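Following: one structure in structure tokens, then a few remarks.
The values are calculated or read from the model by the stated rules, or taken from the named source; none is laboratory data. Just so it is clear, the structure is predicted and the values come from calculations on it, not from any experiment. Here the Cβ positions follow ideal geometry from the backbone for every residue, glycine too, while neighbour counts run over all protein chains shown. Quick note on the areas: whole protein, heavy atoms, side chains included, nothing else; ligands and nucleic acids left out. Shrake-Rupley method; radii C 1.70, N 1.55, O 1.52, S 1.80 Å.
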Amino acid sequence: MEKQQLLAPRSNKAADHDQVLGIIRELECLQIDPVAAVRANQHLVMSARLAGYEPTLLNDLLSDHKVFEYFANAACIIPMEDYPIFEPTRARIREHAASAVEALQPVPEQVMDKLRDEGPLPARAFESDKKVHGYWENTNAAAKTKATSHAINLLTDSALIRIVGREGNQRLFDLTSRSVPAELLKAAGELGREEAERLMLLKYFRAYRVFEPSDSRFGWLRYSAAQRRDAIRQFIQSGIVTEVEVEGLKQPYYVLASDAERVLAHHDAAAVEPAQPLEAEAAEITFLPPLDNLLWSRKRLEDLFHFEYRWEIYTPADKRKYGYYAMPILAGDRLIGRMDPRLDRKENILKVELLHFEPDIHVSAQLRKNVKKAVKAFAKANGVINVIYN
């Protein structure tokens, strides 16, 4: 929790660019998602840690080339200094997309030429009458995606162009060769694959802090189960990673050796039987978006927090248990329930579709009061005043 930047009291003072960049560096990356029942995931992750956060701060860092967008846990915002270690990922995706890029020519080259002459540009600056099948389209149905839009997606995934800014829902694109600092481009070209993957694994370990090899995203590398186990074994032998046993679990978890003493000390100090009442008066309430860094491993949530969580966005409405955008409620260092919000800026209202507490949580009048106070603060932080409960 400490390394997730969720235990320190949040200041209500306006945040600045250095604070936002500092948190991204501590977290290693922020997952991007366009779904905005309130705001996009990356902004909710930041506001859960900085009460005075505004989305323009993150957008400014992107425009100033202090961060870049690429694939880590999924599509993520990553500190720019980490650009070189993602070269194996870029090379793999570039090779995979090469045939699709070639089949779409001359459109991709025309996109590159236009950016070279006029960039940075939004996608709407590229016009095409030709329709093709995009990533998510059924290839048995009629093509609906503009050829230029598909070219932009392919070139972005291949890291030949990249997102250099966001204006609302619009992304701005430019050539990678002129928007990434020259020294980082040079370092990416010189860094060997083995060393890049080692650094990527260390970045993953720092992001997760407590991890285990069954995670299919382990290291953000396409490793087999045997490769994942072997990687951990090598890091244990080198003294970088250590094994920790969790009471009641057959399989161990792993932590960085530098974190081991802190993790064990915090666990001993904060260990609480699930049935015990929560000290509501002392616990700061935070609402975590579905793709918050703390929630990346659902298995870890169940094993270590005794909290089952599933994002029900793709679950049919009549089969949802908690709601389309149910956000886990963090009280101190415990996950105590869920809040399903909808932001209506036109009506200046935050609608709470569901407020649910876990069965083992003693819901005192004080705890309920604290949560509702936090809901009001959450609404205000996201630009509305009124809160209604359905």
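Residues in the range 200-252 that are among the aliphatic types (A, V, I, L, M), within 29 Å of residue 83 (Cβ to Cβ) and assigned to a loop (DSSP other than H, G, I, E, B): 221, 240. The single condition from (1) of a type outside the set (Asp, Glu); (2) open to solvent by less than 40 Å² (accessible area, probe 1.4 Å); (3) assigned to a loop (DSSP other than H, G, I, E, B) that residue 164 fails is (3).
A Cβ distance below 7 Å, combined with a sequence gap of six or more or placement on separate chains, defines the contacts here; from the range 343-357, residues that are farther than 15 Å from residue 288 by Cα and in a loop (DSSP other than H, G, I, E, B) reach residues that are of a type in the set (Val, Ile, Thr) and open to solvent by 30 Å² or more (accessible area, probe 1.4 Å) in the pairs 348/385. In summary, residue 23 fulfils each of the numbered conditions (1) closer than 27 Å to residue 219 by Cα; (2) not in a helix (DSSP H, G or I) with the single exception of condition (2). Among the candidates 121, 185, 154, 115, the residue that is modelled with pLDDT of 95 or more, open to solvent by less than 70 Å² (accessible area, probe 1.4 Å) and within 24 Å of the chain's Cα centre (by Cα) is uniquely 154. Taking the listed residues 192, 239, 219, the one that is free of Cβ contacts under 8 Å to residues at least 24 places away in the same chain, buried (at least 20 other Cβ atoms within 10 Å of the Cβ) and not charged (D, E, K, R) is 219, with no other qualifying.
Yes/no per residue for (1) crowded, with 19+ Cβ neighbours inside 10 Å; (2) in contact (Cβ under 8 Å) with a residue 40 or more places away in the chain:
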position	(1), (2)
17	no, yes
45	yes, yes
54	no, yes
65	no, yes
126	yes, no
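Residues that are within 24 Å of residue 205 (Cα to Cα), touching a strand residue (DSSP E or B) at 6+ places or on another chain (Cβ under 6 Å) and not basic (Lys, Arg): does the range 6-16 have at least one? Checked against the condition, which is being within 24 Å of residue 205 (Cα to Cα), touching a strand residue (DSSP E or B) at 6+ places or on another chain (Cβ under 6 Å) and not basic (Lys, Arg), the range 6-16 yields no hits at all.
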